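Asks: Here's a structure for you.
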Amino acid sequence: MKALLLGLLLLTNTAQANTFQFLYIEASEGNASGGHVAVQLGEDVYHYQYEDGMVRLFKHHADAFRVNYRLRQNRTLHIADIAVSQTTYDQLNSHFKVQLLSQDQRLKHLQALQDGLSLLQSLLELKTVNAMNSKVNAELAPQLPSAGLFYANNANLGAKKTVAECTTARSSVTVITELRQKLEDRYGKNFLPEKITSLRKKLGKLSPDDKGDWASPHYSFPEHYMDLLNGLLALQVLQKVQPLLGNACFHADVPNMSLNDSALSAVKTIQQRLLLSAQSIAVSNRPDWGAALFITLARLIVIEQTIQSKHWVFLDDVDEKAVPIRKQQLSLYTEYLQKHRQVDLKRLQEAINDLAQRSSNYEPYYTKLEMAANRYHQWLESDKTGEMRYRSEQPLPGKSIPSAGFLLTDLSTTQLEQALHSQKTRIEHSDKDDRKRNGYNLLTKNCVTTLFDLINTALWGQSKRMLGGYLDPKANFIPFQAFDSVKNSYNVTKITEIPAYRKQALSKLYEQEANSLVYLRESNIFSSSLYNHNPDDSWFVFFTDDAILSRPLFGVANTLASTIQTILGLARWPFDGGKEIKKGGRGILASLPELAFFNIRKGSYPYPIEP
């Protein structure tokens, strides 16, 4: 009967039929260790994950999702194609997008509340430290986006520099002097001092209780305060002719990167357009005009430096939050990384040629060149430091710094204390509502049940008619069991298995070599040709995903290895904060099921490998 209904659906809606995918990811050590599920709509994959006690919705490109789970986490994917009408598909697609947008807005609101709390605490501390002639805690104070291009992070003076410094004093004076003159010619000689005075007054009086146009869920008190402060600091850069910091840019020392006449002409045209843009930004009504002025001014300066030196100079756009890949981990994938280093060099040379060959619309090509130069510069820096930040470049090269040294307020201590109390109350109510709405529960609110809830809600309770069946989230909370329910209930037209990286690689080896030789060599981490130890993996000895009869015996050895790691972690606790103990404990939990013939651990590959 189900096959007949499915056939009628496809025949009657051929012109409007569509397909979406339900994905089941097998268990493994780490995130979603018991298995995972997701929904793919076109090129977008949606799935729920545990995060700080909550269940959050995430969206990834399908290719990136499969690389992460199938290759890096070494997990097999099972995919069910589900036939639906175009109307059903559009309904699902729209609902998932709306749900993600709604979640992002709620999270932004929660973050704004926390930022407001930090700002009020910093302003209250400012009153105290002024009386005691001390300093505000830099870690407590909110960040100033892009201000780090011109103002040093005094709280991080001892940090390891990752970018070669460049001299910017001369080009900074040239650019800032010209921009100041144009602003004075256009808006009067008192433009800068008057606007600076006005911003100081606004900042001094600004309170969380103000009810202006900015006071909305989409533009919070801390956002307004930091935007005003950024604007004030940006104008003070112009007033004081303050140079771009030397560690905010770098000289691009790359073969075949000469600045020819065509490229020089393009750069000069971009400079003139940026100069006009800077004048407009200085009087703009956009809230974040201060950050925009910082970035525009910084680009003007490095372009001037490029013109003066006849050598490419770029802003450093490395994401400061990007986690560096250490030398030990880089050594695991030397051949792959060298290949991509050459790819990035070629991309950089092509970006230079593209810019030089343009006759108009230079700006997007310069942005592409800036990102490519930064990408390759990370390779050069890795030669010196032994580490690199993988895929860390940003379209906007902003550097944030703590606002601690720049805060000001005219509010009294009493006003700040009252505002702080009100802010804490708002946070408490919002957190309580968030926990009620999204709090994780192993049986009733996990990645599986929440996904089915979303599907059922998207279809207004018509899942049986629109998908071929209804799945009760309360009865389907285990990933592999949920996938079986999908196969048996929905209009599934095809089941596909995409093997994990190691499983696929083993199949190739078995075709090329003697089976017994391959099994003996690849069964353990010491002789395996497919696995290099990942420092993030817990200790283990044997792979058990392809060893059924010997799995309990291998599990004993793996449990012993993880137990030893946990014991040794006790000695390292004062130095690593218990990191090794946690990995060992995680390894024990992944090994114990092997004693009962059940496999979880697969071994992982943290950075890109050849599929």
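Residue-wise test of (1) under 28 Å from I564 (Cβ atoms); (2) open to solvent by 70 Å² or more (accessible area, probe 1.4 Å); (3) assigned to a helix (DSSP H, G or I).
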{"position": "K487", "(1), (2), (3)": "no, yes, yes"}
{"position": "I495", "(1), (2), (3)": "no, yes, no"}
{"position": "Q504", "(1), (2), (3)": "no, no, yes"}
{"position": "E511", "(1), (2), (3)": "no, yes, yes"}
{"position": "N534", "(1), (2), (3)": "yes, no, no"}
{"position": "W539", "(1), (2), (3)": "yes, yes, no"}
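Asks: Just a yes or no: is a residue in segment 98-121 closer than 19 Å to E497 by Cβ, in contact with a Phe, Trp or Tyr (Cβ under 7 Å, 6 or more places away or on another chain) and part of a helix (DSSP H, G or I)? Walk me through it before giving the result.
Replies: Of the residues in segment 98-121, the ones closer than 19 Å to E497 by Cβ are none.
Within segment 98-121 (the criterion being closer than 19 Å to E497 by Cβ, in contact with a Phe, Trp or Tyr (Cβ under 7 Å, 6 or more places away or on another chain) and part of a helix (DSSP H, G or I)), the answer is no, since none of the residues qualifies.
Asks: Also: Does segment 471-483 hold any residues that are more than 19 Å from Y69 (Cα to Cα) and open to solvent by 70 Å² or more (accessible area, probe 1.4 Å), and which are they?
Replies: K474
Asks: Kindly indicate whether any position in segment 550-568 is surrounded by fewer than 15 Cβ atoms within 10 Å (Cβ to Cβ) and either in a loop (DSSP other than H, G, I, E, B) or assigned by the TED database to the domain that holds G34 (or both).
Replies: yes
Asks: May I pose another question? Among (1) surrounded by fewer than 19 Cβ atoms within 10 Å (Cβ to Cβ); (2) assigned to a helix (DSSP H, G or I), which single condition is L71 missing?
Replies: Going through the list (1) surrounded by fewer than 19 Cβ atoms within 10 Å (Cβ to Cβ); (2) assigned to a helix (DSSP H, G or I), L71 breaks only (1).
Asks: Within segment 29-45, restricting attention to residues that are open to solvent by less than 10 Å² (accessible area, probe 1.4 Å) and either assigned by the TED database to the domain that holds I588 or outside any loop (DSSP other than H, G, I, E, B) (or both), which residue is farthest from S94 (Cα to Cα)?
Replies: Restricting to residues being open to solvent by less than 10 Å² (accessible area, probe 1.4 Å) and either assigned by the TED database to the domain that holds I588 or outside any loop (DSSP other than H, G, I, E, B) (or both), the top hit is H36.
Asks: Give the residue, chosen from F477, F483, that is of a type outside the set (S, T, Y), part of a loop (DSSP other than H, G, I, E, B), closer than 30 Å to A83 by Cα and in the same structural domain as A83 (by the TED database). I'd like the intermediate steps shown before the answer.
Replies: On the way: F483 fails: part of a loop (DSSP other than H, G, I, E, B).
Exactly one of F477, F483 is of a type outside the set (S, T, Y), part of a loop (DSSP other than H, G, I, E, B), closer than 30 Å to A83 by Cα and in the same structural domain as A83 (by the TED database), namely F477.
Asks: Answer yes or no as to whether R426 is under 30 Å from L232 (Cα atoms) and part of a helix (DSSP H, G or I). Quick ask: steps written out before the conclusion?
Replies: Details: under 30 Å from L232 (Cα atoms): yes; part of a helix (DSSP H, G or I): yes.
Spelling it out, R426 is indeed under 30 Å from L232 (Cα atoms) and part of a helix (DSSP H, G or I).
Asks: Something else: Name the single residue that is nearest to the chain's Cα centre (by Cα) among those in segment 569-599 being open to solvent by 40 Å² or more (accessible area, probe 1.4 Å) and among the basic types (K, R).
Replies: So the residue we want is K579.
Asks: Follow-up. Condition check: modelled with pLDDT under 95, closer than 16 Å to P402 by Cβ, in the same structural domain as Q279 (by the TED database) and assigned to a loop (DSSP other than H, G, I, E, B). Does G148 satisfy that?
Replies: Numbers: modelled with pLDDT under 95: yes; closer than 16 Å to P402 by Cβ: yes; in the same structural domain as Q279 (by the TED database): yes; assigned to a loop (DSSP other than H, G, I, E, B): no.
For G148, the condition - modelled with pLDDT under 95, closer than 16 Å to P402 by Cβ, in the same structural domain as Q279 (by the TED database) and assigned to a loop (DSSP other than H, G, I, E, B) - is not met.
Asks: Do you know which residues across segment 445-460 are closer than 16 Å to S94 by Cα and either among the hydroxyl-bearing types (S, T, Y) or open to solvent by 20 Å² or more (accessible area, probe 1.4 Å) (or both)?
Replies: D453, T457, W460
Asks: For segment 355-372, name all the residues that are open to solvent by less than 50 Å² (accessible area, probe 1.4 Å) and over 21 Å from the mean Cα position of the chain (by Cα). Steps first, please.
Replies: Here is the first cut: in segment 355-372, the residues open to solvent by less than 50 Å² (accessible area, probe 1.4 Å) are 355-356, 362, 366-367, 369-370, 372.
L355, A356, Y362, Y366, L369 - these are the residues of segment 355-372 that are open to solvent by less than 50 Å² (accessible area, probe 1.4 Å) and over 21 Å from the mean Cα position of the chain (by Cα).
Asks: Taking the criterion of being assigned to a helix (DSSP H, G or I), among the charged types (D, E, K, R), within 26 Å of Q481 (Cβ to Cβ) and open to solvent by 10 Å² or more (accessible area, probe 1.4 Å), would at least one residue in segment 76-97 satisfy it? Let's see the steps before the verdict.
Replies: Let us first name the residues in segment 76-97 that are assigned to a helix (DSSP H, G or I), namely 86-97.
Add one more test, that the residue is among the charged types (D, E, K, R), and what stays is 90, 97.
Within this subset, residues satisfying the condition of being within 26 Å of Q481 (Cβ to Cβ) are none.
No, segment 76-97 has no match at all.
Asks: Among the candidates D63, D90, single out the residue that is over 20 Å from N441 (Cα atoms), over 24 Å from the mean Cα position of the chain (by Cα) and not small (G, A, S).
Replies: Values: D63 fails: over 24 Å from the mean Cα position of the chain (by Cα).
Exactly one residue qualifies, and that residue is D90.
Asks: Looking only at segment 384-403, decide whether some residue is in a helix (DSSP H, G or I), over 21 Å from the mean Cα position of the chain (by Cα) and within 27 Å of N247 (Cα to Cα).
Replies: The answer is yes, given that some residue of segment 384-403 is in a helix (DSSP H, G or I), over 21 Å from the mean Cα position of the chain (by Cα) and within 27 Å of N247 (Cα to Cα).
Asks: Which condition number does S403 fail, the rest of (1) closer than 20 Å to V254 by Cβ; (2) modelled with pLDDT of 85 or more being met?
Replies: With (1) closer than 20 Å to V254 by Cβ; (2) modelled with pLDDT of 85 or more applied to S403, the lone miss is (1).
Residue-wise test of (1) within 18 Å of E194 (Cβ to Cβ); (2) surrounded by fewer than 22 Cβ atoms within 10 Å (Cβ to Cβ); (3) more than 32 Å from the chain's Cα centre (by Cα).
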{"site": "L232", "(1), (2), (3)": "yes, yes, no"}
{"site": "V241", "(1), (2), (3)": "no, yes, yes"}
{"site": "L245", "(1), (2), (3)": "no, yes, no"}
{"site": "F250", "(1), (2), (3)": "no, no, no"}
{"site": "G290", "(1), (2), (3)": "yes, no, no"}
{"site": "L293", "(1), (2), (3)": "yes, no, no"}
{"site": "R299", "(1), (2), (3)": "no, no, no"}
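Each row is one residue, and each column tells you yes or no for (1) modelled with pLDDT under 95; (2) under 22 Å from L110 (Cα atoms); (3) outside the structural domain of V84 (by the TED database).
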site: K424; (1), (2), (3): yes, yes, yes
site: I427; (1), (2), (3): yes, yes, yes
site: Y440; (1), (2), (3): yes, yes, no
site: T444; (1), (2), (3): yes, no, no
site: T449; (1), (2), (3): no, no, no
site: F452; (1), (2), (3): no, no, no
site: I455; (1), (2), (3): no, no, no
site: G461; (1), (2), (3): yes, no, no
site: K464; (1), (2), (3): yes, no, no
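The values are calculated or read from the model by the stated rules, or taken from the named source; none is laboratory data. These numbers come from a predicted model, not from an experiment. Every residue, glycine as well, gets a Cβ built from its backbone with ideal geometry; the counts of neighbours run over all protein chains shown. When the accessible area is computed, the model is the full protein with side chains, heavy atoms only, and any ligands, DNA or RNA have been set aside. Shrake-Rupley method; radii C 1.70, N 1.55, O 1.52, S 1.80 Å.
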